[in-house]
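Read through the structure below, which is laid out as structure tokens, and then see the notes.
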Amino acid sequence: MKKFILILSSILFCSLTTAQVKFEAEVSKNRLGVNENLRVDFKMNKDGDNFSPPNFNGFNIVGGPNQSVSNSWINGTRTFSKTYSYFLSPVKRGRFTIGQASIEIEGDIYKTSPVDIQVVEAVDSSASPNNSESLVDDDIQLVTEISKRSPYLNEPISVVYKLFFSPEINVRNLGEIDSPEFKNFWSQKIDVPRLEIKRSSLNGKSYNYVTWKKTLLYPQKDGSLEINPMTLDVSIDVPTNRRDFFGNIIYNQTSSKVSSKKQIINVKPLPNENRPDDFIGAVGNFDISISSNKSELKATESFQLELKVSGTGNLKLFSLPEIVVPSSLEKYDPEYTENVKIGLSGMNGNISNTYTIVPQFQGKYPIPIIKFSFFNPSLKKYVSIYTDEKIVDVYDGPIVSNKNEKIVNDKINIPANALQFNFIDLYSDFQVISEKQSNLDGILGYLVGFPIIVIILTFLYFRFAKDSMTTAEKNSKLSRKLADSFLEIAKNDINNTDLFYVSLEKAIFNFLKSRFDFQTSDFSKENIKSKLSQKNIAEDTIVSLIEILKSCEYARYTPSSSNEMKNDYEKAVEIIYNIEKS
């Protein structure tokens, strides 16, 4: 009985072991280059139906599904294996997951476990497992041409990618699946209008080639810098040994991934010897100039100073030097413009800062000479250049005192001089009046002198009342005068959207600056609202002022009608008057 139970248990165990179903996914590698192919096998130990593959997100199917079946008997034991094989090509770098495949075996559904795959940058040798259509490396190559292998910091270099292929191969389509990031470089792509097939030689062999991509680089770090490979997906027609009925060669259409090689750029640092103190990183060959749109003007009128640097070099990668003007000239933040063309040889053109400046007083104001230093890689040395000195003549307006620079009735304070009253005779020939006078004479004297004294006192009262005008009142009068002047300019430009809103904005800013001691750095909507609230200006007036400033900003991007400009002008006048009343 015990022997029978033991035999029965063995039979049941063997049957259970034989009945266990296995359905697994196997990959040729878990880490591959973007220019390599991946093989995925879905294996089962029992035959099944309704096989469903995963979506293969992140990959293109370049082969399969191929099906293979193995059925053998060894020592009376049956071994069965069935495999579905796929050949995949990654579309880009990254981490991807081969999802679950499913199959129905004996009425039950079985699924594989997900498989994680990491796709990295292109490798030197492209491996395509079990792909009989792989090309020989010499038949198609992606070559990187670099203009300079050892540039200075911020010196331009060009990178051109060319696809060389055998004349026997027909290229049908190209697609970029992995691009270099150009880390530690400033980069700019140069357009290639169209792919044009040309003939050249490479390593002593004749090839056709197309220029695929052009890029301009400016190294931003010295030392050894890497340019990672680029990978292209190429659809091609490969000749076979067969011919058609008319004797023409029969081609097979296939695809292949081709990658360039990693490139090393050795960037030289800029020399420390003889480096000017004002050097700000400009590398190339430049000229500098300064110009003014007016040489003569009235006080409270505005003029523009343009500082321009032109030439060839890293024009987009450095800041212009600051213009310094006398304190009696109000300088506003500059408007930056650039006119730069970019080609394989580098940047060429000019950049400029245009300052709006408003003089406050009469005088002849010199604009100091500006120094600009740059490194010339052709000469391998630093060069310093200078602007010409400019003189601006302000011929009408208030005059500033040399001592205290304050305005008093639009005239210069004249210092007292001990000799300035010498024309007055300080001595007379009058005789002393006798103390003995009648009472009638005294009464008559009072009656005659009293009106004269009243007149003198009245005159002195109004005189001193006028002279006792407070500084705040004088500043208010001056600020109103400046605002009116700017508003008049805006009114004259009311038919020109750009000029009108520039003048209107300057009028408001200059009024606030003179009336409330605003600084240029305070000219933001939040600061204006906060400061005017502290001055107890009405809330509706502040809101209207902010809306006008927004209109000035919007006018830079969207055109305005003449009616809108008239309304904005009238609102600005009303706002300034309301602030003055407050």
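Across region 379-386, in residue order, what do the Karplus-derived ³J(HN,Hα) couplings come to in whole Hz, using 6.51 cos²θ - 1.76 cosθ + 1.60 with θ = phi - 60° and x for Gly and Pro?
8, 6, 7, 8, 10, 10, 10, 9
Go ahead and run the numbers for FRET between N563 and N492, Cβ-Cβ distance against an R0 of 22 Å, rounding to 0.05.
It comes out at approximately 0.80.
Could you pull out every residue, at least 5 positions away or on a different chain, whose amide H is within less than 5 Å of the one on Y152? Hs are placed 1.01 Å off N in the peptide plane, and Pro or chain starts have none.
The answer is K268.
Rank the residues D116, D277 as a footprinting-exposure proxy: fewest other Cβ atoms within 10 Å of their Cβ go first.
D277, D116
Would you mind calculating the gained length between Y386 and D47 on full extension (0.36 nm times residue separation, minus the Cα-Cα distance), in nm to one decimal?
Extra length from Y386 to D47 when fully extended: 113.4 nm.
Going down the list K294/K341; K262/K341; K162/K221; K221/K381, which pairs span over 24 Å between their C-alpha atoms?
Too far apart for the 24 Å limit: K294/K341; K262/K341; K162/K221.
How much length, in nm to one decimal, is gained on full extension between K261 and S328, taken as 0.36 nm per residue of separation minus their Cα-Cα distance?
Extra length from K261 to S328 when fully extended: 17.9 nm.
Tell me which residues come under 5 Å, amide H to amide H, from N314 once H is placed; ignore anything under 5 positions away on its chain.
Under 5 Å from the amide H of N314: V283.
Short version: ³J(HN,Hα) in whole Hz for each residue of region 540-554, in order, from phi by Karplus 6.51 cos²θ - 1.76 cosθ + 1.60 (θ = phi - 60°), x for Gly and Pro, what are they?
Result, ordered by residue: 5, 5, 5, 4, 5, 5, 4, 5, 5, 5, 5, 4, 5, 6, 4 Hz.
Rounded if a/c is under 1.5, else prolate if a/b beats b/c, else oblate: with a ≥ b ≥ c from the C-alpha gyration tensor eigenvalues square-rooted, which is region 137-267? Please list the in-between numbers first.
Values: a/c = 2.83, a/b = 2.62, b/c = 1.08.
Because a/c hits 1.5 or more and a/b exceeds b/c, region 137-267 counts as prolate.
Please compare each pair in K491/K535; K29/K261; K189/K506 to a cut-off of 32 Å on the Cα-Cα distance and tell me which ones are over it.
Pairs exceeding 32 Å: K189/K506.
Under a plain spin-label model, where a point goes 7 Å from the Cα along Cα-to-Cβ, how far apart in nm are K364 and N71?
About 11.2 nm, to one decimal.
Highest mean first, how do 178-185, 197-204 rank when packing is the count of other Cβ atoms within 10 Å averaged over residues?
Descending mean neighbour count gives 178-185, 197-204.
Can you work out the FRET efficiency for the pair R242 and S319, with r the C-beta to C-beta distance and R0 = 56 Å, to the nearest 0.05?
Working from the Cβ atoms, E equals 0.25.
Which FRET efficiency value, to the nearest 0.05, do you get for E106 and N55 by plugging their Cβ-Cβ distance into 1/(1 + (r/R0)^6) with R0 = 22 Å?
Working from the Cβ atoms, E equals 0.25.
Describe numerically, in nm with one decimal, the distance between label points set 7 Å from Cα along Cα→Cβ at E226 and at E181.
1.1
For K390, what residues show an amide H to amide H distance below 5 Å, using hydrogens built from the backbone and excluding near sequence neighbours?
Distant-sequence amide H within range of K390: I367.
Taking the Cα-to-Cβ direction at D287 and at L174 and moving 7 Å from each Cα, how far apart do the two end points lie in nm?
For D287 paired with L174, the spin-label model returns 3.9 nm.
Rule-based calculations on the coordinates, nothing more; no lab input. Since the structure is predicted, the reported quantities are computational estimates derived from the model, not experimental observations. Ideal geometry is used to build each Cβ from the backbone, glycine not excepted, and the neighbour counts take in all protein chains shown.
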